[in-house]
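Here's the structure, in structure tokens; my notes come after.
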Amino acid sequence: MKKGLLWSLVITMGLMSVGCSSGSSESSNEPAVDLFALENYVTDKTKEDLIIAVVTKDNTNNWFRRMEEGVNEFVAETGIEVIQKGPANADAASQVEVIDSLINQEVDALCVVPIDPVAIEPSLKRAMQAGIVVITHEASNQVNTLFDTEAFTAEAFGSAIMDSLAHDMGEAGKYAMMIAYTTSTTHMEYANAQFNRQKEAYPNMELVGGEAIPSAESQESIDTAYERAKEILKVNPDLKGFTGVASTDAPAIAKAVEEMKLDVKVVGVGTPNEFRPYVESGTISTLKLWDPKDSGYVMCKLASDILSGNVENNGDGYNAGIPGYESMSLVEGTNRTLIGEADLTITSENIGEFDF
Amino acid sequence: MNIKKMTKSVEFWVFIIITLLSVLIHLKSGLFFTNNNIVDIMRSMIVPSIYALCAFLAFISTGPDVSFPLVGALSSYLAIIITNLLGGNLPWIVIYIIAIAFGCLMGFLNGYIIVKFKFSSLIVTLGTTSMFSGILLGAFEAERMDLPTNLHAFGTQVLLSVQNKETGLGATLPMAFLIMVVLYIIVYFVLNYTIVGRGIYAIGGDEISAERAGFDVSKIRIGIFVFNGALAAIGGMTYAVLSLRYLPTEYAGAEMVVIAAVILGGTRIMGGIGTLKGCILGTLLLNMVTNSLILVGISVYWQKVFIGAIIIIGTAIPALQVFMKSRKSSEVA
């Protein structure tokens, strides 16, 4: 009986290995083109004949209007034609349509800010098969892209938030931090990086609540953020600083601080237009983010450099030639991600320069 | 005799729990019974207790209504958009009335489908919730936006402002608090002093008997849902007014907490039983707990566990009472 079982096992395994080998012989029959080899995308077209397309999430949004400024700077500098297009509706299906129509127009490069990276994978793959350079932004999990570009790592950004907070509150006193959800990976990375930076560089500062990271969850609701901020302020009326990394957090914290008549510096992450009243009144002392103008410029620049063969296949980084993006580091994960050091600091002094 | 009767009511036990918890919170933090904290809790009650009315009225007359956050979001969105189209200078009360009109319309849709096709109110309101959210986010592409000037100004009007002498912390109760008070007075009056009020309890208790007793079940039921639509619209507008910003989806998902609070307060899911007192006490209990966990130093990770525990313990009490009662009566038999 036992012997029979053993034999059947051996036979099964034998069959399985046959299955495997036949499978691998099938795949070796496929044409072997490496879609990710940069040399396949080098073109001998002149600058005047190149067309780069930038696809946004929503072209009517101020964020992407700001991006267009960077794209226009690139056009003025290089003379290459760039078309920036957004979907009619800000949904993934409409974005697929835009990408597909640009592939049919035979553009030379596609720079995409995906609404849903998964939804556009097939289209991007088709684009690459057609020899179109594909660059993405804010899509570290996008498979079919030559490079994803990011302004900074979560760690670097978290440290930068702490540096701003420490600067604003005089490097001493109690502080608290709020994020959207403890289950949000990026937000937890920001929070941990803030704390680590404080431990490393600002010994006179102290995280409230027994150093629990984070101090509170806003659940991406202005109302919840406001209630939680009030509780934290009641327990710690001597609080000197507060950070909030979801766009709901900082305005709500600022509202609580103003109503309770306290002097607390708030550092938040969000867009200037959303935070303007509180930044102007000084309650939100610093606003941290990245500039979409630079993101637009960098995507176009990288695409044109690949087309002209100026980007090394296995290079360790990339220089886009503008501040914050001069030595972008390469991180290989789901895709090849190029990361800059381009956090932007907005205070009451320079908020007037930004309209997005 | 009177005390014995009192201890049998759910409201009494919820009140006891509230008292015990608030003393506990105060002992642990020293911050609960301070003028600014009391005002903060009153402020945080405004929107949940308006929505609690929706859940309460639906339960006692028909069954669950889960559509109120989306009815509130969509009707207030439409009101704000229309106001902006008209130049943005309408008085705040007119903006509220526009929202209420849309809310009634959406409530009528709920009520009509429930009555006409005799569908479960849970299924119907889940369906309309999905529709309304599709219209709001798909067709209108609603986003966060600033409020029209008059509405914003209403949001900053202060009814009561206190400052804690010891800590120097301030707290303000917005004028919108009065909206909630007025709504509770109206509902209290209708439920207790009108034939319609009797009818609402009657149709929830036993539909057929209510019909035989001469109540127009369909009319009352549709009426309740239309009124619920109006309440939801007021809740949605008030939420925007308190946040000083229109927020399309933020309250969606919180309906379950509102419903839990109402059930905590002794309202029976199967209809016919429940008091306004219980409704407000249940809301107070849940709201007080949610807004005190940081005060007593419970970490972010444990907060949800505590809220869940309160809901389960709170609802176990009435269930236990029913169980005891049935055992007693079986003993007698």
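Taken over the stretch B:66-95, the residue count meeting the criterion of being surrounded by fewer than 20 Cβ atoms within 10 Å (Cβ to Cβ), within 18 Å of B:VAL182 (Cβ to Cβ) and touching a residue at least 24 places away in the same chain (Cβ under 8 Å) is 1.
Quick grid of which residues meet (1) within 14 Å of chain A (Cβ to nearest Cβ); (2) of a type in the set (S, T, N, Q); (3) without any contact (Cβ under 8 Å) to a residue 60 or more places away in the chain:
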residue: B:THR156; (1), (2), (3): yes, yes, no
residue: B:VAL162; (1), (2), (3): yes, no, no
residue: B:LEU173; (1), (2), (3): yes, no, no
residue: B:MET180; (1), (2), (3): no, no, no
residue: B:ILE222; (1), (2), (3): no, no, no
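When we screen B:ILE224, B:ILE185 for residues that are crowded, with 24+ Cβ neighbours inside 10 Å and modelled with pLDDT of 95 or more, the only hit is B:ILE224. Taking helices (runs of 4 or more DSSP H) as the structural unit, those lying wholly within the stretch B:216-333 and holding at least 2 residues that are closer than 30 Å to B:LYS116 by Cβ correspond to B:217-243, B:255-264, B:276-290. Being more than 13 Å from chain A (Cβ to nearest Cβ) and polar (S, T, N, Q) is the filter; apply it to the stretch B:295-325 and report the residue that is surrounded by the most Cβ atoms within 10 Å (Cβ to Cβ). Restricting to residues being more than 13 Å from chain A (Cβ to nearest Cβ) and polar (S, T, N, Q), the top hit is B:THR315. Going by the structure shown, is A:ASP168 touching a residue at least 60 places away in the same chain (Cβ under 8 Å) and either within 20 Å of A:LEU344 (Cβ to Cβ) or within 11 Å of another protein chain (Cβ to nearest Cβ) (or both)? Here the answer is yes, as A:ASP168 does meet what is asked. Note on the stretch A:208-270: enclosed helices (runs of 4 or more DSSP H) holding 1 or more residues that are surrounded by 21 or more Cβ atoms within 10 Å (Cβ to Cβ), in contact (Cβ under 8 Å) with a residue 12 or more places away in the chain and not aliphatic (A, V, I, L, M) are A:222-235, A:249-259.
Select from the stretch A:246-263 the residues that are out of contact with any Ser or Thr (no Cβ under 6 Å at 6 or more places or on another chain) and facing chain B (nearest Cβ under 7 Å) and write down the one among them that is farthest from A:THR182 (Cα to Cα).
Initial filter on the stretch A:246-263 (out of contact with any Ser or Thr (no Cβ under 6 Å at 6 or more places or on another chain)): A:247, A:250-253, A:255-256, A:260-263.
Those still in the list that are facing chain B (nearest Cβ under 7 Å) too: A:260-261.
Working: A:MET260: 27, A:LYS261: 29 Å.
If we take residues in the stretch A:246-263 being out of contact with any Ser or Thr (no Cβ under 6 Å at 6 or more places or on another chain) and facing chain B (nearest Cβ under 7 Å), then A:LYS261 is farthest from A:THR182 (Cα to Cα).
Out of all the residues in the stretch B:50-58, is one or more crowded, with 16+ Cβ neighbours inside 10 Å and modelled with pLDDT under 95? No, because not a single residue in the stretch B:50-58 is crowded, with 16+ Cβ neighbours inside 10 Å and modelled with pLDDT under 95.
How many of the residues making up the stretch B:164-205 are among the polar types (S, T, N, Q) and either touching a helix residue (DSSP H, G or I) at 6+ places or on another chain (Cβ under 7 Å) or part of a helix (DSSP H, G or I) (or both)?
Restricting attention to the stretch B:164-205, the residues satisfying the condition of being among the polar types (S, T, N, Q) are B:164, B:167, B:172, B:192, B:194.
After this cut, where a residue has to be either touching a helix residue (DSSP H, G or I) at 6+ places or on another chain (Cβ under 7 Å) or part of a helix (DSSP H, G or I) (or both) as well, the list is B:164, B:172, B:192.
Number of matching residues: 3.
Within the stretch B:236-275, work out how many residues are more than 12 Å from chain A (Cβ to nearest Cβ) and at pLDDT 95 or above. Let's see the steps before the verdict.
Of all residues in the stretch B:236-275, those more than 12 Å from chain A (Cβ to nearest Cβ) come to B:236-237, B:255-256, B:258-275.
With at pLDDT 95 or above added as a condition, the list becomes B:236-237.
Number of matching residues: 2.
When the stretch B:1-52 is filtered for residues that are farther than 24 Å from B:GLU166 by Cα and within 13 Å of chain A (Cβ to nearest Cβ), the ones remaining, listed by number, are B:MET45, B:ILE46, B:VAL47, B:PRO48, B:TYR51. What single numbered condition from (1) in contact (Cβ under 8 Å) with a residue 12 or more places away in the chain; (2) not in a loop (DSSP other than H, G, I, E, B) fails to hold for B:GLY63? The number of the failed condition is (2).
Pick out, from the stretch A:1-117, the helices (runs of 4 or more DSSP H) lying fully within it that include 3 or more residues that are modelled with pLDDT of 90 or more, touching a helix residue (DSSP H, G or I) at 6+ places or on another chain (Cβ under 9 Å) and acidic (Asp, Glu).
Details: elements: A:2-28, A:62-78, A:92-104.
Passing ranges, in order: A:62-78.
The values are calculated or read from the model by the stated rules, or taken from the named source; none is laboratory data. Computed from a predicted model, the values in this text were never measured in an experiment. A quick note on method: Cβ atoms are made from the backbone with ideal geometry, for glycine too, and the neighbour counts reach across all protein chains shown.
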